[in-house]
1. What's the total number of residues in the range A:34-51 that are within 11 Å of the chain's Cα centre (by Cα) and under 29 Å from B:Ile188 (Cα atoms)?
2. Restrict the check to the range A:56-73 and report whether at least one residue is away from every other protein chain (no Cβ under 11 Å), over 24 Å from B:Leu190 (Cβ atoms), of a type outside the set (Phe, Trp, Tyr) and part of a strand (DSSP E or B).
3. For the structure I just gave you, tell me whether B:Ile52 is more than 23 Å from the chain's Cα centre (by Cα), surrounded by 20 or more Cβ atoms within 10 Å (Cβ to Cβ), at pLDDT 90 or above and closer than 25 Å to B:Glu25 by Cβ.
4. Output the number of residues of the range A:87-112 satisfying the condition of being within 9 Å of chain B (Cβ to nearest Cβ), more than 17 Å from A:Leu34 (Cβ to Cβ) and in a helix (DSSP H, G or I).
5. Inside the range B:1-50, can you point out the residues that are within 22 Å of A:Ile22 (Cα to Cα), touching a strand residue (DSSP E or B) at 6+ places or on another chain (Cβ under 9 Å) and not in a helix (DSSP H, G or I)?
6. Looking at the range B:10-26, which of the residues that are over 21 Å from the mean Cα position of the chain (by Cα) and away from chain A (no Cβ under 12 Å) is surrounded by the fewest Cβ atoms within 10 Å (Cβ to Cβ)?
7. State whether one or more residues within the range A:36-46 are of a type in the set (Val, Ile, Thr) and over 21 Å from A:Lys71 (Cα atoms).
8. State which residue pairs qualify: first residue touching a residue at least 24 places away in the same chain (Cβ under 8 Å) and inside the range B:243-265, second residue in a helix (DSSP H, G or I) and of a type outside the set (Ser, Thr, Tyr) in any location, beta carbons under 6 Å apart, and separation of 6 or more residues or different chains.
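The values are calculated or read from the model by the stated rules, or taken from the named source; none is laboratory data. Quantities reported herein were computed from a predicted structural model and do not represent experimental measurements. No Cβ is skipped: glycine too gets one built from the backbone with ideal geometry, and neighbour counts run over all protein chains shown.
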Amino acid sequence: MVMEINTSEMKRVQLFEVIGRIDSTNAAELGSALDRSVDEGRNNLVLDLGGVEYMSSAGLREMVRILKRVKRGGGDLRIANPSDRVKEVLELAGLDSIFEIYPTQVEAVGSF
Amino acid sequence: MGEVSRLAIPARLEEVRHACDFVVEVAEAANLDERAVYHCQMAVDETITNIIEHGYGYEGGDSQIEIICRTENDHFLITITDDSPAFNPLEHEAPDPSEPLDTREPGGWGIYFIRKLMDDVTYDRVNNRNQLTLAKRLPAAAPLMAESGAEAEELFPTQALNGDAAAVFPAGRLDSNTSVMLEKTLNIQLQQGHVWLFVDMSQVEYIASSGLKVLVAAWRRAQGQAGDVILSSLQPRIVEIFEMVGFDMLFQIFPDLDAALAAQSKRT
């Protein structure tokens with residue numbers, strides 16, 4: 001398994017911890033995991049990228065798509081713990097001004 | 001001229017990872033640092049994924065995509081060749097990273113990243129094949145290029161200090177336009193291993209949130225490499241902004257650069 005997603009239901013937030021590598025072969029899988037939560041009316045999402053060693057633009061595409069969806073529902077998708085490299089990629093795409101990014105999972109969850 | 005490494009993969013998405021692994025291995029052997037290796041991996045991933053999705057429309061059949069790596073002069077070169085219909089990605093308009101969310105299309109970022117991550121990208125159509133060559137400067141060449149390259153005038157003045165420290169002198173208004181310049185300046189210093197950055201703010205008249213963000217990003221990066229970003233000579237207006245956003249708690253701030261340097265030399 002190249003990518004693993006662990007989901008935890010918290011009081012106000014749905015937390016997704018991703019481990020591994022996100023690229024064009026599995027980004028859709030990440031997207032559908034997040035979609036399922038939005039389908040159930042849970043629009044406050046935290047995506048913990050602490051375990052993600054690599055992410056291509058396919059992953060960013062899914063993140064932007066989901067962010068648009070949850071914003072329409074009055075929620076937010078917030079990022080926790082990205083590696084320096086992933087953070088750099090988010091910055092290059094100008095996504096650091098669109099996503100709220102937190103250094104730790106606790107801060108991201110607590111921000112809701 | 002270094003040695004040449006070659007790999008061919010079937011034009012299918014699930015094969016792209018092998019190309020990534022291959023490039024990572026060869027780039028590491030060519031002494032690129034972890035960051036540059038990541039950039040090469042991502043540029044290759046984006047290039048090949050685009051070829052398979054758009055060039056072959058996910059139906060590559062028996063087609064092979066060839067990846068050739070070599071070092072030439074100061075560059076690590078990756079040449080990617082495929083026999084899909086002629087397509088020059090460099091002719092395509094790049095998306096705008098400053099675009100707000102509501103008008104943003106989720107995709108179209110592959111080519112943008114390829115160009116951003118690599119130092120040079122060239123396209124050729126050779127024998128009815130697309131040939132894209134990605135170039136990454138080798139580490140020894142990078143600082144030289146930063147000083148003498150076309151972007152030199154877009155950096156703030158810096159001064160190398162002892163060992164792994166440097167002073168940076170931003171000036172004027174640090175708003176969304178000029179913050180990029182500060183970011184570049186700080187990043188180049190960090191890349192060169194100057195993880196102790198003394199940012200003298202005496203000439204800074206105003207700082208917008210984009211400027212604050214750049215300082216925090218550099219601070220995080222420096223801390224991650226056992227360094228720090230240390231500020232000095234803040235004008236009263238800047239102090240006010242810093243206090244408002246709580247940055248006075250985050251950064252070490254000194255009345256002037258000498259005091260900052262003196263405090264640091266005492267600690268080490």
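1. The total comes to 3.
2. No, the range A:56-73 contains no residue that is away from every other protein chain (no Cβ under 11 Å), over 24 Å from B:Leu190 (Cβ atoms), of a type outside the set (Phe, Trp, Tyr) and part of a strand (DSSP E or B).
3. Yes.
4. Residues in the range A:87-112 being within 9 Å of chain B (Cβ to nearest Cβ), more than 17 Å from A:Leu34 (Cβ to Cβ) and in a helix (DSSP H, G or I): 7 in total.
5. Within the range B:1-50, B:Ile9, B:Pro10, B:Ala11 meet the criteria.
6. In this case the residue turns out to be B:Pro10.
7. Taking every residue of the range A:36-46 in turn, none turns out to be of a type in the set (Val, Ile, Thr) and over 21 Å from A:Lys71 (Cα atoms).
8. B:Phe254/B:Ala260
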